[in-house]
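One structure below.
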Amino acid sequence: MNGLQELLCLTPFRILVRIAMVGKYTGLSDSYLSVLKALLHASVYCHRKLVVDWVASTDLEDSTKIEAPDAYKAAWNLLKSADGILVPGGFGDRGVQGKILAAKYARENNVPYLGICLGMQMAVVEFARHVMNLPHANSTEFDPNAKTPCVIFMPEGSKTHMGGTMRLGSRRTFFKVADCKSAKLYGNADYVDERHRHRYEVNPDMVPEFENAGLKFVGKDESDRRMEIIEIPNHQYFIGAQFHPEFKSRPAKPSPLFVGLIAASSGQLDKVLQGCSNGHVIPGKHQFSNGPYTPAAHQNTNGHAKKLANGVANGTYYPNGNGVHA
Ligand SMILES: NC(=O)CC[C@H](N)C(=O)O
């Protein structure tokens with residue numbers, strides 16, 4: 001058992017929060033581990049027992065419906081039974097259509113959604129295609145000749161040096177809208193420094209069109225040309241970040257956007273936002289509705305996690321795998 005799994009088993013909370021993580025699981029990269037840890041930090045903060053359902057984005061796609069109907073059905077069942085949906089960052093076009101479908105499902109059904117980097121970009125493509133009726137909208141990463149390029153190559157740094165084009169490391173995001181969920185979660189800060197790792201970004205020339213249709217760009221860089229945070233205001237929690245908030249999350253300092261996701265997924269967002277607007281900055285003491293802690297029947301009363309017969313430790317668990325993918 002690694003340190004993370006040990007920690008998961010020790011979280012004492014009884015009420016589950018079920019997050020569908022929609023990605024490409026041919027191997028668990030470091031970035032998924034950071035996302036997992038950030039989810040855990042936020043769940044502990046919200047007094048919830050985290051359950052991560054790993055959904056392979058390709059399994060949500062129409063082609064899987066024909067080729068592997070059982071996998072398709074299982075993936076959609078997991079997605080639909082989740083309290084919240086997270087689409088993490090990634091590269092390459094495999095599974096991209098599944099990520100778009102996950103964002104569409106979350107948007108249309110008012111299910112809390114956090115899209116990180118590629119997860120934000122695909123939410124933007126989804127919005128363009130299905131809300132703005134632009135069926136050819138795409139990222140030029142996946143279609144260099146896209147008729148409606150709503151996510152485009154926006155490198156930073158050298159164009160001639162290999163690997164020198166990525167927008168990388170800590171960069172500043174300025175909040176452009178005070179009355180938005182992400183600004184509140186960050187304690188009504190004027191700006192925030194988060195880490196980046198990407199080459200493509202929302203096409204700044206399409207921003208007015210998006211905003212007219214109801215997708216708001218509430219965080220931007222100092223030039224106003226790089227879109228950093230999106231929100232759909234009339235959705236309970238639909239947020240995308242071009243940066244990677246997971247990298248700065250710590251157990252005692254959970255990432256605000258992850259706290260927002262878990263709080264929204266467990267019916268506590270209003271309380272958290274209220275606390276934030278009272279000058280309270282995450283982390284701190286909110287009164288979460290976990291009730292007094294009494295161990296569930298399958299738990300030892302000595303405070304230690306017990307291994308269940310099926311090999312899944314009690315406490316926080318991953319029903320669809322154990323968080324480690326070969
Ligand atoms: N880290 C990521 O998610 C990268 C997203 C996308 N592939 C880009 O380069 O912009």
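The values are calculated or read from the model by the stated rules, or taken from the named source; none is laboratory data. Just so we're clear, the structure is a prediction, and the values are computed from it rather than from any experiment. Backbone-built Cβ (ideal geometry, glycine too); neighbour counts: all protein chains shown. Remember, those area values only see protein heavy atoms, side chains included, never the ligands or the DNA or RNA. Shrake-Rupley method; radii C 1.70, N 1.55, O 1.52, S 1.80 Å.
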Open item on the list: Leaving out ligands and nucleic acids, and using a 1.4 Å probe, what accessible area per residue does region 37-131 come to in Å²?
Closed with: 33
Task: Under 12 Å from the Cα of residue 181 - aspartates and glutamates, other chains or at least 8 residues apart - done: 231, 270
TODO: With all protein chains present, calculate the accessible area of residue 13 using a 1.4 Å probe and round the result to the nearest 10 Å².
DONE: 30
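Given a 1.4 Å probe and heavy atoms of the protein chains only, how would you sort 147, 99, 37, 104, largest accessible area at the top?
Details: 147 160, 99 5, 37 95, 104 55 Å².
Result, largest first: 147, 37, 104, 99.
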Task: Apportionment of accessible area to carbon and sulfur, region 52-115, percent (1.4 Å) - done: 48
Open item on the list: Give me the extension gain from residue 168 to residue 236: residue separation times 0.36 nm, minus the current Cα-Cα distance, reported in nm with one decimal.
Closed with: 21.4 nm
Task: Too-long pairs where the Cα-Cα distance tops 20 Å, listed order kept, from 104/248; 99/253; 24/104; 49/253; 99/271 - done: 104/248; 99/253; 99/271
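Given 4 °C and 1.567 mPa s, how large is the Stokes-Einstein diffusion coefficient of region 166-264 in µm²/s, with Rh as the Kirkwood radius over Cα pairs? Show your work: numbers first, answer last.
Values: Rh = 13.8 Å.
Here the translational diffusion coefficient equals 94 µm²/s.
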TODO: Please give the solvent-accessible surface of residue 211 in Å², to the nearest 10, using a probe radius of 1.4 Å with every protein chain present.
DONE: 50
TODO: Along Cα→Cβ, 7 Å out, is where each label goes; now give me the distance between the ones at residue 136 and residue 212 in nm to one decimal.
DONE: 1.9
Task: Accessible area of region 177-259 divided out per residue, in Å², using a probe of 1.4 angstrom - done: 39
Open item on the list: Could you order the peptides 148-156, 62-70 from most to least packed, using the average number of other C-beta atoms within 10 Å per residue?
Closed with: 148-156, 62-70
